[in-house]
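The values are calculated or read from the model by the stated rules, or taken from the named source; none is laboratory data. Please read all numbers here as calculations on a predicted model, not as lab measurements. Don't worry about glycine lacking a Cβ; one is built from the backbone with ideal geometry, like all the others, and counts go over all protein chains shown. All accessible areas refer to the heavy atoms of the entire protein, side chains included, with ligands and DNA or RNA removed. Shrake-Rupley method; radii C 1.70, N 1.55, O 1.52, S 1.80 Å.
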Amino acid sequence: MSEANWYVVHTYSGYENKVKANIEKTIENRHLEDQILEVRVPMQDVVEVKNGVKKQAQKKMFPGYVLINMIMNDDTWYVVRNTRGVTGFVGPGSKPVPLTEEEMRPLGIASGEVVVDFEEGDSVTVIGGVWKDTVGIIQSINQNKQSVTINVELFGRETPVEISFTEIKKM
């Protein structure tokens, strides 16, 4: 099996999040989770001043582009290329070119393997993000996405939530 790389996909401007959602839906429907690992619309925090008031906002780093971590083969190429809103892969002709380590570094995407000291069934605390200070039990670990799925209580029910390795610590 080949190795997964990051590829850049050109989209209609303003359709980046819609393309991301459509690709993720197709991945789920066609069970390609092991071939198309992650779809990202890189965002950056900016401070905007409107009417004399400073506001923290998020802007797309590359309007009109979506990053995809995938194993390139005929199936995955076809799925991505034929998603509504996608105009094509970045690269010469119809041959997509993967991003290099140097190109990925400024985007905050690390390709190195993260070694974790927790496993399924361990109790963890979320130390960052939306679920900060939430305690949960690890249901599954996804090394490719470098995330874990924990159950959290939401509206009185156990709900699975995917959290990045960097946002949790073992209790």
In the stretch 46-89, which residue that is in a helix (DSSP H, G or I) and closer than 14 Å to Thr11 by Cβ is most open to solvent (accessible area, probe 1.4 Å)? Arg81
Do the conditions hold for Tyr7, that is, is it within 20 Å of Glu102 (Cα to Cα) and touching a helix residue (DSSP H, G or I) at 6+ places or on another chain (Cβ under 9 Å)? yes
Scanning the stretch 34-45 for residues that are in contact with a helix residue (DSSP H, G or I) (Cβ under 6 Å, 6 or more places away or on another chain) and not in a strand (DSSP E or B), which turns out most open to solvent (accessible area, probe 1.4 Å)? Gln35
Checking the condition crowded, with 16+ Cβ neighbours inside 10 Å and more than 14 Å from the chain's Cα centre (by Cα), which residue from Pro92, Pro96 passes? Pro96
Residue among Tyr15, Tyr7 that alone is open to solvent by less than 70 Å² (accessible area, probe 1.4 Å), within 25 Å of Pro106 (Cβ to Cβ) and not acidic (Asp, Glu): Tyr7
Filter the stretch 99-120 for residues that are open to solvent by less than 50 Å² (accessible area, probe 1.4 Å) and modelled with pLDDT under 85; the one that is nearest to the chain's Cα centre (by Cα) is Ile109
For the stretch 115-149, how many residues are without any contact (Cβ under 8 Å) to a residue 60 or more places away in the chain and not in a strand (DSSP E or B)? 18
Output the number of residues of the stretch 80-98 satisfying the condition of being of a type in the set (Lys, Arg) and more than 21 Å from Ala21 (Cβ to Cβ). 1
Would you please list the contacts, defined by Cβ atoms under 9 Å and residues six or more apart or on different chains, that run from a residue in the stretch 150-167 that is in contact (Cβ under 8 Å) with a residue 24 or more places away in the chain to a residue that is open to solvent by 60 Å² or more (accessible area, probe 1.4 Å) and among the polar types (S, T, N, Q)? Ile150/Gln139
